[in-house]
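J.: Right, I'll just put the structure down here and ask away after.
The values are calculated or read from the model by the stated rules, or taken from the named source; none is laboratory data. This is a predicted model, so every value here is computed, not measured. All Cβ positions, glycine included, derive from the backbone under ideal geometry; neighbour counts span all protein chains shown.
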Amino acid sequence: MKLSLNTATVKKQWNLAQMIEGCARHEIRGISPWRDQVAQMGLKEAVKSINSHGLSVTGLCRGGFFTARNWRDDNRRAIEEAHALGAQCLVLVVGGLAEGSKDLISSRERVREGIATILPEARKAGVPLAIEPLHPMQAAERACINTLEQALDLCELLQDGIGVAVDVYHVWWDPKLEQQIKRAGKKRILAYHICDWLVPTRDLLNDRGMMGDGVIDLPRIRSWVEGAGYSGFHEVEIFSELDWWQRDPDEVLRICKDRYVRFT
């Protein structure tokens, strides 16, 4: 089973040590931690525990926010952490509008320049960078790269060492999705994130659904991703203030495994 736990899924219930042990207990072989959790546990201890439990680090969340202050130093640290963890990629949430700005075009240019600046260091460290396009609802605050097409255009400009994280929550609606997944191919798809889109969605950031509870055609998108050559882990990432963060985390992991088999 190529299932990975993005640790956001149980972040309100467990710390990283408990998440690592939970993955091993439930025979989930991949994990994608968030940097604040790694910092709380300690990088060396996190590396030791993940390795001793035989887990693959499918990604590190996150670098990016190139339109914010101090982005350069933060991304350098993120690359170092991803390297130490042996992460398969460093996920980039690129940042929204610059502070006080309404210039979306300029913000996207700043993102391109920022990625170009850190990419040589990432290449040297052997850490692939994965641009994650976010749903347009988050363009102002979190990410001004909103479609797979935009992300892949950046990849083509920047060449080696960079690809995309395909998160179904953010891209399922895109009429060009099949075409752009095919364009990305095995070379550019570095991560695949799964969850579901609820109707109604009560909170646009923290009300993601468990696979099978919403309207995303997960088997179809999976067929496109695997048809493009991706053979890596499927990473479940659920932000759920009103539901899954309120549940017993062992129950959450059991349901993740069941829904992965039944609905993806």
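J.: I'd like to check something: does the stretch 155-162 contain any residue that is out of contact with any Leu (no Cβ under 8 Å at 6 or more places or on another chain) and among the β-branched types (Val, Ile, Thr)?
T.: No, there is no match, as no residue in the stretch 155-162 is out of contact with any Leu (no Cβ under 8 Å at 6 or more places or on another chain) and among the β-branched types (Val, Ile, Thr).
J.: Are any residues in the stretch 115-141 closer than 24 Å to Gln180 by Cα and among the β-branched types (Val, Ile, Thr), and if so, which ones?
T.: Within the stretch 115-141, Ile115, Val127, Ile131 qualify.
J.: Pull up the stretch 100-126, narrow it to residues that are farther than 15 Å from Ala139 by Cβ and outside any helix (DSSP H, G or I), then point me to the one that is nearest to the chain's Cα centre (by Cα). Outline the logic, then answer.
T.: First, pick out the residues of the stretch 100-126 that are farther than 15 Å from Ala139 by Cβ: 100, 112-126.
This time we only want the ones that are outside any helix (DSSP H, G or I), so: 100, 126.
On the way: Gly100: 27, Gly126: 18 Å.
Looking at residues that are farther than 15 Å from Ala139 by Cβ and outside any helix (DSSP H, G or I), I get Gly126.
J.: Inspect the stretch 144-162 for any residue being closer than 21 Å to Trp244 by Cβ, surrounded by fewer than 19 Cβ atoms within 10 Å (Cβ to Cβ) and out of contact with any His (no Cβ under 8 Å at 6 or more places or on another chain) and give the result as yes or no.
T.: no
J.: Kindly indicate which of Leu242, Leu218, Leu253, Leu204 is in contact (Cβ under 8 Å) with a residue 24 or more places away in the chain, in contact with a helix residue (DSSP H, G or I) (Cβ under 7 Å, 6 or more places away or on another chain) and more than 26 Å from Pro175 (Cβ to Cβ).
T.: Exactly one residue qualifies, and that residue is Leu253.
J.: Looking at (1) more than 22 Å from Arg62 (Cβ to Cβ); (2) among the basic types (Lys, Arg); (3) surrounded by 23 or more Cβ atoms within 10 Å (Cβ to Cβ), which is the only condition Arg188 fails?
T.: Result: Arg188 fails condition (1) only.
J.: Among (1) part of a helix (DSSP H, G or I); (2) in contact with a Leu (Cβ under 8 Å, 6 or more places away or on another chain); (3) closer than 24 Å to Val252 by Cβ; (4) not basic (Lys, Arg), where does Ala184 come up short?
T.: (3)
J.: Which one of Trp244, Trp173 is surrounded by fewer than 18 Cβ atoms within 10 Å (Cβ to Cβ), at pLDDT 95 or above and among the aromatic types (Phe, Trp, Tyr)? Give the steps one after another, and end with the answer.
T.: Numbers: Trp244 fails: surrounded by fewer than 18 Cβ atoms within 10 Å (Cβ to Cβ).
Matching residue, one of Trp244, Trp173: Trp173.
J.: Here's another thing I want to ask about it. Can you say whether Arg110 is more than 23 Å from His234 (Cβ to Cβ), buried (at least 17 other Cβ atoms within 10 Å of the Cβ) and touching a strand residue (DSSP E or B) at 6+ places or on another chain (Cβ under 9 Å), as far as the supplied structure shows? Spell out the reasoning first.
T.: Details: more than 23 Å from His234 (Cβ to Cβ): yes; buried (at least 17 other Cβ atoms within 10 Å of the Cβ): yes; touching a strand residue (DSSP E or B) at 6+ places or on another chain (Cβ under 9 Å): yes.
It is true that Arg110 is more than 23 Å from His234 (Cβ to Cβ), buried (at least 17 other Cβ atoms within 10 Å of the Cβ) and touching a strand residue (DSSP E or B) at 6+ places or on another chain (Cβ under 9 Å).
J.: To continue, here is another question. Taking the stretch 154-175, which residues are in a strand (DSSP E or B) and more than 14 Å from Val225 (Cβ to Cβ)?
T.: Result: Ile162, single match.
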